[in-house]
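The values are calculated or read from the model by the stated rules, or taken from the named source; none is laboratory data. Computed from a prediction, not measured in an experiment: that's the story for all the values here. Please note: Cβ atoms are built from the backbone with ideal geometry, for glycine as well, and neighbour counts cover all protein chains shown.
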Amino acid sequence: MTQRSFEILDVTLRDGSHAMKHAFTEQHVHDTAKGLDLAGVNYFEVSHGDGLGGSSLQYGLSKVDELKLIEAAADVCKSSKVSVLLIPGIGIKEDLQDAVKAGAKMVRVATHVTEADVAAQHIALGRELGLKTVGFLMMAHMASVEKIVEQAKLFESYGAEVVYVTDSAGYMLPHEVTERITALKQSVGCEIGFHGHNNLSMAMANTVAAVEAGATYIDGSLRALGAGSGNTQTEVMVAVLERLGYNTGIDLYNIMDVANEVVAPFMQRPQEITGSSLIMGYSGVYSSFLLHTQTAAEKFGVDERDILVELGRMKAVGGQEDLIYDVAQSFAAKKAQ
Amino acid sequence: MKKLKVGIIGSGNIGTDLMYKIERSDALQMSVMVGIDPDSEGLKRAAERGYEVVANGIDGLMEKLELVDIVFDATSAKAHQHHSDLLVAAGKKVIDLTPAAIGPFTVPTVNLNEHFEKPNLNMVTCGGQATIPIVNAISRVVEVEYAEIVATVASKSAGPGTRANIDEFTHTTSKAIEQVGGAKKGKAIIILNPAEPPILMRDTVHALMAADGQEQAVITSINEMVKEVQSYVPGYRLRGEPQFDGRKVSVFLEVEGAGDFFPPYSGNLDIMTAAAAKVANEMAKQLMAAEV
């Protein structure tokens, strides 16, 4: 078998948790995992959308305990490995230990792009537990190239084997991706990954840019099931990258089948670029704010776009879902005056 | 009236801010600043203001025990155990601002009266001091099955100790939400935001009440509690009205610091030192009243 050009990591069962309002069932996970394994995806992620321990009033309670979902996924894997997301400040080290007992083989420790130093212990634990250990720099559009390099070096120094540039807001354009991945390739020794969102319809173009600049881990989700307008669409990415001459190691028909026959039927809405997700991409707002913003806008009778633009102006970071309701309420109060 | 003499171990930012707050107290007399680096800014500042300075840590302080009645510890959890053992054996009151939590969790507006006689009191965490009063304000009206707090602080206000041990925040705060706040189950989340200019500390409390229908009483209780906290943190305030959704209530807060040593955006650090100073102040008043 020829060697894969890179790893395509599927995040449907984690990023898709946002779009599903955290209502994945063991059946959903079982069937999707089975399809991903069959198609030859080496790594896929299963967690609450906000990572281990994310089940909360702040982000949404999980319908089914994520440990059960991780177990359901790990149980059907013949060769794929289950990844989990851990955001320090939300999840804790014990959550990771539990996830490993449930079958996780990879951890991606995620911080805001400027805050890598909160992750030292969690990355060290990942290595200690023998996991493939990844550092995930979220909202990468909010920092300069130099800052990203500095933070990636921190992750690497803690033991990360891969460092991701994560376009959580779907804000980045291909030249910006190229610039960041290229700078990282030149300055860190570990592998580089890219995770995109499609709020400006740039996810695929950004992914291609990342691969061409040397990224060796790239994320996608089936039918683009992820936060905001979703991620780079895994099955389309396989087709595109094969056409570009890369070897993805993934069977196109099999990956299409799991997308269309398993995932599409349980999706609650299509992954369109709506007015709100477009504004998220345009103003640089964390993609998982989408459905919370809709709820808050309805509750307070204000325009979703006004809330999102304000959140962008306030430089909200991932996890600040409470701010959405605070902003919506203050707009409603102003309107009432 | 005789004031109680205060020692502060840890001459860093927290210790310095605390010193300024002690200076304003009418029951406490700032006495000695204890550090481990004779060249540290904190020790210099204390010396310039006319206080005794000890530069060889707890060992130095143990030789000058007559200088202190109450000792604040603003070092680390690891160091605190040793400090506390020595000081408590010498009959001193210890107020712990580290995550060590040897003594009971103490939140001034909630359970201070229960713990006056204890030798060592722990100040929980910044997020705990900001949110547990609200959890308690709800739980004194209606049973709280679950409470979750989200503390968002400016990146510049989160020191290296907090960053390296971020899980400690989660562990300690969740426990205190249950033990002091009165929720059956607690959860804590902390978020660092690097925006410039730095943001004020924001805290949100989400609680699941055992029943709805008590909204007005809950609001009244929260408003009363906010006023009480404002007595020692004037910049502690609600943002908007509490939001109800069935049995769920969400309360939004912001904490602006007094700007003693920390900039006002560091409400998270200010509320810790302000709460610790408040505890010592009340303790001093009680002890003095008992002597009279």
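Quick rundown of the values:
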{"read-out": "Residue match in region A:65-84 (condition: part of a strand (DSSP E or B), more than 23 Å from B:Ile166 (Cβ to Cβ) and under 16 Å from the mean Cα position of the chain (by Cα))", "value": "yes"}
{"read-out": "Region B:189-201 - residue that is of a type outside the set (Gly, Ala, Ser) and within 7 Å of another protein chain (Cβ to nearest Cβ) and, of those, farthest from the chain's Cα centre (by Cα)", "value": "B:Pro194"}
{"read-out": "Of the criteria (1) out of contact with any strand residue (DSSP E or B) (no Cβ under 6 Å at 6 or more places or on another chain); (2) surrounded by 24 or more Cβ atoms within 10 Å (Cβ to Cβ); (3) of a type in the set (A, V, I, L, M); (4) within 14 Å of chain B (Cβ to nearest Cβ), which one A:Ala140 fails", "value": "(1)"}
{"read-out": "Residue within region B:227-250 that is farther than 21 Å from B:Thr98 by Cα, in contact with a strand residue (DSSP E or B) (Cβ under 9 Å, 6 or more places away or on another chain) and of a type in the set (Ser, Thr, Tyr) present", "value": "yes"}
{"read-out": "Evaluation of B:Thr162 against (1) surrounded by fewer than 24 Cβ atoms within 10 Å (Cβ to Cβ); (2) assigned to a helix (DSSP H, G or I); (3) more than 11 Å from chain A (Cβ to nearest Cβ) (one fails), failing number", "value": "(3)"}
{"read-out": "Residue within region B:260-277 that is modelled with pLDDT of 95 or more, within 29 Å of A:Thr111 (Cα to Cα) and within 11 Å of chain A (Cβ to nearest Cβ) present", "value": "no"}
{"read-out": "Wholly enclosed strands (runs of 3 or more DSSP E) of region B:193-288 bearing at least 1 residues small (Gly, Ala, Ser)", "value": "B:201-209, B:248-255"}
{"read-out": "Selected residue (only one of A:Leu61, A:Leu57, A:Leu96 is within 14 Å of chain B (Cβ to nearest Cβ) and out of contact with any strand residue (DSSP E or B) (no Cβ under 7 Å at 6 or more places or on another chain))", "value": "A:Leu61"}
{"read-out": "In region B:147-157, residue surrounded by the most Cβ atoms within 10 Å (Cβ to Cβ) [restricted to those that are at the interface with chain A (Cβ under 8 Å from one of its Cβ atoms) and not acidic (Asp, Glu)]", "value": "B:Val150"}
{"read-out": "Among the candidates B:Asp73, B:Asp96, residue that is under 30 Å from B:Val229 (Cα atoms) and touching a residue at least 60 places away in the same chain (Cβ under 8 Å)", "value": "B:Asp73"}
{"read-out": "Cβ-Cβ under 9 Å pairs, at least 6 apart or on other chains, region A:120-131 side farther than 10 Å from A:Val109 by Cβ and away from chain B (no Cβ under 14 Å), far side buried (at least 18 other Cβ atoms within 10 Å of the Cβ) and among the aromatic types (Phe, Trp, Tyr)", "value": "A:Arg127/A:Tyr158"}
{"read-out": "Long-range neighbours under 6 Å by Cβ, at least six apart or interchain, first residue assigned to a helix (DSSP H, G or I) within region A:199-226, second aromatic (Phe, Trp, Tyr)", "value": "A:Ala210/A:Phe194"}
{"read-out": "Those residues of region B:169-194 which are more than 12 Å from B:Glu148 (Cβ to Cβ) and among the hydroxyl-bearing types (Ser, Thr, Tyr), in sequence order", "value": "B:Thr172"}
{"read-out": "So A:Glu242, is it in a helix (DSSP H, G or I) and within 14 Å of chain B (Cβ to nearest Cβ)", "value": "no"}
{"read-out": "Some residue of region B:234-245 being at negative phi, buried (at least 24 other Cβ atoms within 10 Å of the Cβ) and in contact (Cβ under 8 Å) with a residue 24 or more places away in the chain", "value": "yes"}
{"read-out": "Subset of region A:264-301 [closer than 24 Å to A:Asn42 by Cα and surrounded by 24 or more Cβ atoms within 10 Å (Cβ to Cβ)]", "value": "none"}
{"read-out": "Yes/no for A:His175 being touching a residue at least 24 places away in the same chain (Cβ under 8 Å), closer than 30 Å to A:Ser276 by Cβ and part of a loop (DSSP other than H, G, I, E, B)", "value": "no"}
{"read-out": "Enumeration of residues in region A:152-165 that are touching a residue at least 24 places away in the same chain (Cβ under 8 Å) and surrounded by fewer than 24 Cβ atoms within 10 Å (Cβ to Cβ)", "value": "A:Lys153, A:Leu154, A:Glu156, A:Tyr158, A:Gly159, A:Glu161, A:Val162"}
{"read-out": "Region B:171-188 - residue that is in a helix (DSSP H, G or I) and in contact with a Ser or Thr (Cβ under 9 Å, 6 or more places away or on another chain) and, of those, farthest from the other protein chains (Cβ to nearest Cβ)", "value": "B:Ala176"}
{"read-out": "Region B:202-243, subset under 21 Å from A:Asp322 (Cβ atoms) and basic (Lys, Arg), residue farthest from the other protein chains (Cβ to nearest Cβ)", "value": "B:Arg237"}
{"read-out": "Scan of region A:76-93 for residues that are among the small types (Gly, Ala, Ser), buried (at least 24 other Cβ atoms within 10 Å of the Cβ) and more than 12 Å from every other protein chain (Cβ to nearest Cβ), ordered by number", "value": "A:Ser83"}
{"read-out": "Scan of region A:48-75 for residues that are in contact with a Ser or Thr (Cβ under 8 Å, 6 or more places away or on another chain), surrounded by fewer than 24 Cβ atoms within 10 Å (Cβ to Cβ), touching a residue at least 12 places away in the same chain (Cβ under 8 Å) and of a type in the set (D, E, K, R), ordered by number", "value": "A:Lys63"}
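Residue-by-condition table, conditions (1) outside any loop (DSSP other than H, G, I, E, B); (2) without any contact (Cβ under 8 Å) to a residue 60 or more places away in the chain; (3) within 14 Å of another protein chain (Cβ to nearest Cβ):
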site	(1), (2), (3)
A:Gly281	yes, no, no
A:Val309	yes, yes, no
A:Gly312	yes, yes, yes
A:Lys315	no, no, yes
A:Asp322	yes, no, yes
A:Val327	yes, yes, yes
